[in-house]
Amino acid sequence: MLLTKHLIPGALALAMVAAQAAAAPVDDRYTCEHGSAEVGVPACNRAISSGRFNGRDLAALYSERGARLGNLGEYTRAIKDLDRAIQLSPPTDTVLKYRCWVLTIAGQPQRALADCDRSLQLKSDDAGALNSRGLAYLRLGQLDHAIADYDAALRISQKFPSVLYGRGIAKLKKGDTIGGNADIVAATKIQPNIAEDFARYGVK
């Protein structure tokens with residue numbers, strides 16, 4: 001027989017409220033890790049403030065919030081969160097990849113390279129980390145290194161718009177008009193507003 005059948009109505013209501021309160025941080029964690037920046041950041045805020053998480057789990061929440069803040073253009077807060085994640089727990093390839101990306105688009109590509117290198121040491125076949133390092137090299141004007149990373153990323157994930165667009169820009173800067181334009185057209189077909197993203201990154 002179900003335990004709830006033995007509860008008086010008031011006690012049953014309290015039990016339901018308690019169960020919902022216990023489930024809320026778990027739901028917020030899922031939304032933090034899988035939701036868009038707009039819904040993910042508030043969920044991360046609630047999960048972090050709940051006091052239910054610590055160590056590696058808390059570090060993951062800071063990492064995910066940092067990545068989403070970076071997507072929203074809040075670079076200072078994003079870097080602070082990613083730094084905090086690395087303080088809380090030994091850094092994973094994911095948090096290092098995230099910080100590399102945010103540092104790059106925040107205008108610190110030289111510092112970003114160390115994080116991408118460490119991320120790729122932990123997981124060498126990560127197209128996202130290769131993309132982040134490619135962008136760092138692109139912003140530093142190291143075009144051959146950028147193209148090499150973009151090529152490697154495309155061998156892993158062939159339809160990656162930011163990789164295609166970044167490689168296209170690098171090729172154009174090297175004088176390869178045909179190859180560069182082909183990459184940019186391919187990227188735009190996948191993500192029509194990709195040029196706007198790169199303009200925010202300081203790359204045109």
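Numbers at a glance
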item: Rg ratio (alpha-carbon, reference 2.2 N^0.38 Å) - the chain; result: 1.27
item: 17 Å Cα-Cα reach of Lys189 towards lysines, excluding residues that sit fewer than 8 places from it in its own chain; result: Lys159
item: Helix-only [θ]222 nm of the chain, DSSP H runs n ≥ 4, -39500 (n - 2.57) each, per residue, nearest 500; result: -25500 deg cm²/dmol
item: Sequence-separation-based contact order of the range 118-159, relative, with Cα cut under 8 Å and 6+ spacing, percent; result: 42 percent
item: Rounded if a/c under 1.5, otherwise prolate or oblate - the range 87-127, Cα gyration tensor axes; result: oblate
item: The chain: most fluctuating residue of Ser119, Ser50, Ser63 per GNM, C-alpha cutoff 10 Å; result: Ser50
item: Packing-based exposure ordering (other Cβ within 10 Å, fewest first) of Ser162, Ser89; result: Ser89, Ser162
item: Karplus-derived 3J(HN,Hα), 6.51/-1.76/1.60, for each residue of the range 120-133, Hz, glycine and proline x; result: 6, 5, 7, 8, 6, 9, 8, 5, x, 5, 5, 5, 4, 5
item: Arg155-Ala114 FRET efficiency (beta carbon distance; Förster radius 22 Å; 0.05 resolution); result: 0.40
item: Least to most buried among Val163, Val39, Val203 (fewest other Cβ within 10 Å first); result: Val39, Val203, Val163
item: Those residues of the range 56-88 whose amide nitrogen sits under 20 Å from the label point placed on Glu196, 7 Å along Cα→Cβ; result: 68-75
item: Calculated from backbone phi, Karplus (6.51, -1.76, 1.60) coupling profile of the range 63-78 in Hz, x at Gly/Pro; result: 4, 5, 5, x, 4, 6, 5, x, 5, 8, x, 8, 5, 4, 5, 4
item: Value in Å of the Kirkwood radius, where the range 23-90 supplies the Cα pairs that are averaged; result: 11.3 Å
item: ³J(HN,Hα), Karplus 6.51/-1.76/1.60, whole Hz, each residue of the range 35-51, x for Gly, Pro; result: x, 5, 4, 5, 9, x, 4, x, 5, 4, 4, 5, 5, 5, 6, 5, x
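Only the coordinates and a few stated rules stand behind these numbers; no lab work does. The structure presented is a predicted model; accordingly, all values stated were derived computationally and were not measured. Reconstructed Cβ throughout: ideal geometry from the backbone, glycine too, with neighbour counts over all protein chains shown.
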